[in-house]
1. For the chain, taking Cα atoms only, what is the radius of gyration to one decimal and the Dmax to the nearest whole Å?
2. So what's the angle, to the nearest 10 degrees on a 0 to 90 scale, between helix 102-113 and the longest Cα principal axis of the chain?
3. With a sphere of radius 10 Å drawn around the Cβ of residue 40, what net charge do the other residues whose Cβ falls strictly inside it have (Lys, Arg +1; Asp, Glu -1)?
4. Please list the non-local residues whose amide H lies under 5 Å from the amide H of residue 175, H modeled 1.01 Å from N, same-chain partners needing a gap of 5 or more.
5. Quick check: at a probe of 1.4 Å, how many percent of the accessible area of the chain sits on carbon and sulfur atoms?
6. Rounded to whole Hz and in sequence order, give me ³J(HN,Hα) for region 169-180 from the Karplus expression 6.51 cos²θ - 1.76 cosθ + 1.60, θ = phi - 60°, writing x for Gly and Pro.
7. From largest to smallest, what semi-axes in whole angstrom does region 84-128 give when each is the square root of 5 times an eigenvalue of its alpha carbon gyration tensor?
8. Placing +1 at every Lys and Arg Cβ and -1 at every Asp and Glu Cβ, with all other atoms neutral, what dipole size does region 51-103 have around its Cα centre, in debye to the nearest 20?
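The values are calculated or read from the model by the stated rules, or taken from the named source; none is laboratory data. As the structure is a prediction and not an experimental result, all values here were calculated from the model. Please note: Cβ atoms are built from the backbone with ideal geometry, for glycine as well, and neighbour counts cover all protein chains shown. The area values use the complete protein model at the heavy-atom level, side chains included, leaving out ligands, DNA and RNA. Shrake-Rupley method; radii C 1.70, N 1.55, O 1.52, S 1.80 Å.
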Amino acid sequence: MPSPARIRQSVRVPLHQGLGTVLQADLMTFTGLADVGEHLAVRLGPPAEVPLVRVHSECLTGEVFGSARCDCGPQLAEALRAIDDAGGVLLYLRQEGRGIGLYNKLDAYHLQQQGLDTYEANRALGLDDDLRDYAVAAQMLGALGHNEIDLLTNNPDKRDQLLRYGIKVRDTVSTGVFANPYNTGYLRAKVVRTSHTIQLKGSA
Ligand SMILES: [Zn+2]
């Protein structure tokens with residue numbers, strides 16, 4: 001079990017979601033997290049006995065610049081809306097590129113242009129497939145008093161890691177798939193390499 005963390009600050013911020021929609025969010029910061037990243041909790045919607053939780057890793061290229069090489073931007077927007085409906089929290093973890101960092105991620109994109117898939121590219125750079133660790137997510141949930149959650153994910157590893165860290169996952173809610181001509185290879189590699197539960201045309 002990771003050591004306990006505490007809420008450091010909570011501040012109300014309205015979030016534009018396009019088409020005139022504004023979500024009222026509480027952005028929450030923490031002290032005592034297991035790594036030095038400035039991780040953020042975004043609390044939305046009505047109070048819920050069992051909150052809907054999305055553990056979302058930062059993707060600058062997809063979320064800020066709208067990169068079509070992945071589906072992080074639309075996934076983030078979908079998660080914020082779903083959590084605003086159900087009541088819960090989005091944990092925004094500052095672990096770019098599955099934890100390898102922005103520059104390494106762009107190096108991996110360069111290798112993918114030469115035909116490697118996302119996991120082969122990481123290996124060619126001497127990096128693990130996935131450096132993400134969800135201990136801080138469990139710490140944040142503990143600080144928020146959420147020991148039982150519904151988890152918004154297609155990634156079985158997230159559920160397993162949270163269970164290991166003592167968070168009870170009552171239900172797993174699938175996220176949408178936002179395929180486009182540029183990211184189908186990336187999505188397919190996720191399914192084949194990491195048992196993501198994504199339904200793609202032509203995949204088993
Ligand atoms: Zn992304």
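1. For the chain, the Cα-based Rg and Dmax read 16.8, 49 Å.
2. Computed tilt is about 30 degrees.
3. -1
4. Amide H to amide H, under 5 Å and 5 or more residues apart or across chains, residue 175 pairs with 153, 154.
5. Values: 5450 of 10480 Å².
The nonpolar share, carbon plus sulfur, comes to 52 percent.
6. Each residue of region 169-180 in turn: 9, 5, 8, 10, 10, 6, 9, x, 10, 10, 7, 8 Hz.
7. For region 84-128, the semi-axes come out at 29, 11, 9 Å.
8. 160
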